[in-house]
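Values quoted throughout were computed directly from the atomic coordinates according to the rules given, and no laboratory measurement underlies them. Computed from a prediction, not measured in an experiment: that's the story for all the values here. All Cβ positions, glycine included, derive from the backbone under ideal geometry; neighbour counts span all protein chains shown.
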Amino acid sequence: MTMAAVLALAVGVFLVRLAGPVMRSRITVSERAETLMKRSAIVVLGALVVTNALFVDGGFAGWSLPAGVAVGGLLAWRRAPVLVVVIAAAATTALLRLAGVA
Amino acid sequence: MPHRILDRLDRGVLRDSAALIAGLFIVGVSFGAVATAEGVPWWQASAMSLFVFAGASQFATLGILAGGGGLLAGVAAGLILNLRHVPYGLAVGDVYWTSLRAKLIGTHLLVDHTAAFALAAGADRGKARRAFWTVGAVLFVMWNAATVIGAFAGRLIADPKAFGLDATLPVILVALVLPSMKDRRTLLAGLLGTAVALGTSAFLPAGIPVLLALVGLVVMWKGAGTGDRAAAA
């Protein structure tokens with residue numbers, strides 16, 4: 001790896017991050033547009049979590065990771081505190097692996 | 001500047017982000033360790049964490065370049081993975097769009113978890129602002145410290161899969177996103193979008209499927225207008 005690659009990626013990533021707020025600062029954002037943009041980000045985050053839990057390095061992640069995330073999700077749905085959600089998810093994933101589940 | 005950021009710290013968010021620290025720390029350590037294993041000097045791995053500050057992109061670019069791929073291919077893979085920050089910026093960009101300095105630093109701190117914490121604050125702009133800066137500052141410090149530690153001592157530290165720590169970061173996002181899903185339209189859009197992302201994950205480069213999830217928003221076309229306000233609150 002070279003510093004040229006690091007700097008090229010840094011500049012590119014910054015510009016990608018800049019695109020959103022620059023676009024929105026150039027228009028008057030209606031309430032409906034605001035709702036749409038918030039919902040877009042929620043949808044992307046949701047899809048990100050599910051795809052990342054199921055696919056790792058282009059292949060199936062195994063059952064223990066998605067199972068842990070699902071258990072945590074269930075607790076979050078029941079309004080459990082974030083710390084409880086996180087510990088339950090990690091414990092589920094760890095115990096399944098200990099039991100030999102991939 | 002440091003005291004300005006401290007002013008913006010929020011205790012509730014700080015407590016919630018405590019769990020983030022463990023999860024992010026282990027990923028940062030593993031980034032430093034992988035970089036070292038690939039023969040990348042520690043200062044270069046650190047420069048990447050400092051100036052890029054995007055975990056998935058860093059892993060992707062490093063992986064391709066270390067595997068003998070060209071600079072263009074490596075940087076392109078990292079950038080494609082990063083494109084999801086465009087919708088994030090559109091949704092929460094106003095949170096840090098104040099002074100020039102806040103704009104520049106805020107833009108650099110835009111990642112999955114800062115966007116999710118700001119979104120979870122809903123219509124409370126003050127809370128969204130505190131959440132964004134608190135989580136951003138915590139993550140930036142942790143990510144860079146972990147990279148250095150991983151570069152030097154990565155071999156001594158267990159991998160991210162130990163103790164199920166790889167479940168930490170995704171489940172925090174779940175906890176932050178779920179309340180918004182109580183809005184039926186958002187839930188429908190999320191389910192449809194996730195199905196599209198999953199269906200395309202097998203054959204599209206990483207980073208594109210999550211953007212295709214935006215197709216799920218077609219559910220907004222039906223009966224547009226009133227009664228549509230509670231979303232993302």
Legend entry - Long-range tail of P(r) for the stretch B:2-166 (Cα pairs > 22 Å, %): 45
Legend entry - Value of relative contact order over chain B, rounded to a whole percent, pairs C-alpha under 8 Å and six or more apart: 28
Legend entry - Label point at residue A:3 placed 7 Å out along Cα→Cβ; residues across the stretch B:21-62 whose backbone nitrogen lies under 17 Å: B:40-52
Legend entry - Calculated FRET value between residue A:23 and residue B:182, using beta carbons and R₀ = 25 Å, to 0.05: 0.30
Legend entry - Pairs of Lys in the protein assembly as shown closer than 25 Å at Cα, counting only those 8 or more apart or on different chains: 7
Inset, instruction - Measure off 7 Å from each Cα along the Cα-to-Cβ vector at residue B:71 and residue B:218, then give the distance between these two points in nanometres to one decimal. - result: 4.3
Inset, instruction - Taking the Cα centre of chain B as origin, sum charge times position over the Cβ atoms of Lys and Arg (+1) and Asp and Glu (-1), and report the length of that vector in debye to the nearest 20. - result: 600
Inset, instruction - Would you mind giving the mean number of other chain beta-carbons within 10 Å of the Cβ of each residue in A:59-69, as a whole number? - result: 3
Inset, instruction - Note the angle between two axes, namely the Cα long axis of helix B:168-177 and the longest principal axis of the Cα atoms of chain B, as a number of degrees from 0 to 90, rounded to the nearest 10. - result: 20
Legend entry - For the stretch A:62-102: span of alpha carbons on each principal axis (Å, largest first): 30, 13, 9
Inset, instruction - Go ahead and run the numbers for FRET between residue B:15 and residue A:32, Cβ-Cβ distance against an R0 of 30 Å, rounding to 0.05. - result: 0.30
Legend entry - Peptide ranges B:196-205, A:79-88 listed from the most packed, as the mean C-beta count within 10 angstrom indicates: A:79-88, B:196-205
Inset, instruction - When a/c is below 1.5 the answer is rounded, else prolate if a/b is larger than b/c, else oblate, so apply that to the protein assembly as shown with a ≥ b ≥ c taken from the square roots of the Cα gyration tensor eigenvalues. - result: rounded
Inset, instruction - Shielding by partners for B:131-141, please: the mean number of other protein chain Cβ atoms within 10 Å of each residue's Cβ. - result: 0
Legend entry - Helix B:71-82 axis, angle to chain B major axis (alpha carbon atoms, nearest 10°): 40
Legend entry - Cα gyration tensor, chain A - rounded (a/c under 1.5), prolate or oblate: oblate
Inset, instruction - Multiply the residue separation of residue B:141 and residue B:22 by 0.36 nm, subtract the distance between their alpha-carbon atoms, and state the gained length in nm to one decimal. - result: 41.6 nm
Inset, instruction - Sort the stretch A:1-44 into rounded, prolate or oblate with this rule: let a ≥ b ≥ c be the square roots of the eigenvalues of the Cα gyration tensor; rounded if a/c is under 1.5, and if a/c is not under 1.5, prolate when a/b is larger than b/c, oblate otherwise. - result: oblate
Legend entry - Debye, to nearest 20: dipole size of the protein assembly as shown, +1 on Lys, Arg Cβ, -1 on Asp, Glu Cβ: 900
Inset, instruction - Quick one: compute the contact order of chain A, relative version, from alpha carbon pairs under 8 angstrom and 6+ residues apart, as a percent. - result: 20
